[in-house]
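Student: If you scroll down you'll find the structure; I have some questions about it.
The values are calculated or read from the model by the stated rules, or taken from the named source; none is laboratory data. Note that this is a predicted model, so its numbers are computed, not measured. Counting neighbours? That spans all protein chains shown, and the Cβs are built from the backbone with ideal geometry, glycine included. Side chains included, ligands, DNA and RNA excluded: accessible areas come from the protein's heavy atoms. Shrake-Rupley method; radii C 1.70, N 1.55, O 1.52, S 1.80 Å.
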Amino acid sequence: MRILSGVQSSGTLHIGNYYGALKQFVDLQNQGEALYFIANLHALTTVRDAALARKLTFETAVAFLALGVDPKRSVLFRQSDVPEITEAFWVLGTVVPMAHLERAHSFKDKVAKGIAPDFGLFAYPVLMAVDILLYDSDKVPVGKDQKQHIEFARDWATVFNTTYQSQVFKLPEPQIQEATAVIPGIDGEKMSKSYNNTIDLFGDLKAIEKRIKSVKTDSTPPEAPKPTENNALYQLLKIMAPPSEWAALDQSWRAGGQGYGHFKGKLLEHYHATFDGPRQRYQELVADPAEVERILKDGADRARNIAAPVVSRLRKAVGL
Ligand code: TYM
């Protein structure tokens, strides 16, 4: 089984990225041949500063490694180090229906917010489809917000194979964990860099603690049982508490007698227990850019080799 996924290097990573995607990446490393990449071409749709783009690409790679992506078991690479991607992007794009791109959530949501769309935003799902299809991927671990993109990849692979009467592309399956499909932000909406509601993984600790303390709650008094529906604090605790502690925590939540402040303290505790180790590895790796570069170069060589047979099928099918 071939597993593939990517994360955009468009800002600091948050716990939504971890529980929705990166944690799965780490867990899946032993279940097949895993390829993970830093989507630095996709990031160009929002990052328009070369020095910042380079910095974020590096930091995203460091985050993958710090969180447990192991370059001995997985292929870790930068999207832009596989130039075949951009050729395939064009070729696949020639059969993609405009109507599909017009109903892409990524495009519609930004337009609805008044952002003037450019070609990069519009074509974003085509590049993502190629990311997946060029490596003959079977499983794509992601959060729920990426589901439509994977459905597009499947649709367009089918359109392409039918148009050229040739099995160029294999159809991938999304892998979405029900419990962590949508991690809420501190305001209860989906956690997202663009909503400014994130709890970051490796940012300034004081700011992160402040964020955790400001998770939105209602006015249920300390002595009363707390609601479990539509409650971001409850959802975050459920995701972050170790299974051995969850039953007791859940019980005291439902029983009443403790205020929200107490539970925020618990969330902070679990945050530290989970991410202090990765944070330390992150600091160590940031100090060794040559080693990170070596890992990414090696990953790119391996990724290009894996893509090579698909690239030649593709070129042959269309007559290049
Ligand atoms: P990106 O960089 O926005 O997010 C990376 C991963 O994190 C997941 N995620 C979440 N999961 C649950 N709850 C949340 N609040 C949350 N926020 C983010 C995302 O679902 C994603 O899995 N287009 C992709 C990057 C990409 C890609 C690919 C992914 C480019 N090519 C090929 C898979 C395969 C993106 O922008 O993800």
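Student: Hey, got a sec? Which trypsin sites (Lys or Arg not before Pro) in segment 221-320 land in a DSSP loop and have at most 16 other Cβ atoms within 10 Å?
Tutor: none
Student: Select from Val26, Val126, Val111 the residue whose mean-square fluctuation is largest in a Gaussian network model of the chain (Cα-Cα springs shorter than 10 Å).
Tutor: Among Val26, Val126, Val111, the largest GNM mean-square fluctuation belongs to Val111.
Student: Using 25 Å as the Cα-Cα cut-off, could you pick out the over-long pairs in Lys110/Lys190; Lys108/Lys190; Lys147/Lys216?
Tutor: Going by Cα-Cα distance, Lys147/Lys216 fall outside the 25 Å limit.
Student: With every atom except the alpha carbons ignored, what do you get for Rg and Dmax of segment 270-320, in angstroms?
Tutor: Taking only Cα atoms of segment 270-320, I get Rg and Dmax of 18.9, 56 Å.
Student: Okay, next question. Round to a whole angstrom and tell me the spacing of the C-alpha centers of segment 12-37 and segment 83-135.
Tutor: That distance is 23 Å.
Student: Cα atoms only, segment 49-140: Rg and Dmax in Å?
Tutor: Spelled out, the Cα radius of gyration and Dmax of segment 49-140 are 15.7, 44 Å.
Student: Compare Thr228, Thr57, Thr217 in a GNM of the chain, Cα atoms joined below 10 Å, and give the one with the largest fluctuation.
Tutor: Ranking Thr228, Thr57, Thr217 by mean-square fluctuation puts Thr228 first.
Student: In Å², and per residue, what accessible area does segment 203-283 have when probed at 1.4 Å with the other protein chains present?
Tutor: 54
Student: Related question: Once all Cα-Cα distances of the chain are split into 20 Å bins that start at 0, what whole-number percent is in each one?
Tutor: Spelled out per bin, shortest first, that is 30, 55, 14, 1.
Student: Moving on. Can you give me the % of accessible surface on the chain that is carbon or sulfur? Probe 1.4 Å, all protein chains present, nothing else counted.
Tutor: Roughly 53 percent, rounded to a whole number.
Student: Evaluate the relative contact order of the chain (contact order divided by residue number), counting alpha-carbon pairs under 8 angstrom at least 6 apart; express in whole percent.
Tutor: Computed over the chain, the figure is 23 percent.
Student: Where is the GNM fluctuation largest for the chain (alpha-carbon springs, 10 angstrom cutoff): Asp131, Asp301, Asp288?
Tutor: In this elastic network of the chain, the residue with the biggest mean-square fluctuation among Asp131, Asp301, Asp288 is Asp288.
Student: In square nanometres, what is the average projected area of the Cα convex hull of segment 203-283?
Tutor: 5.5
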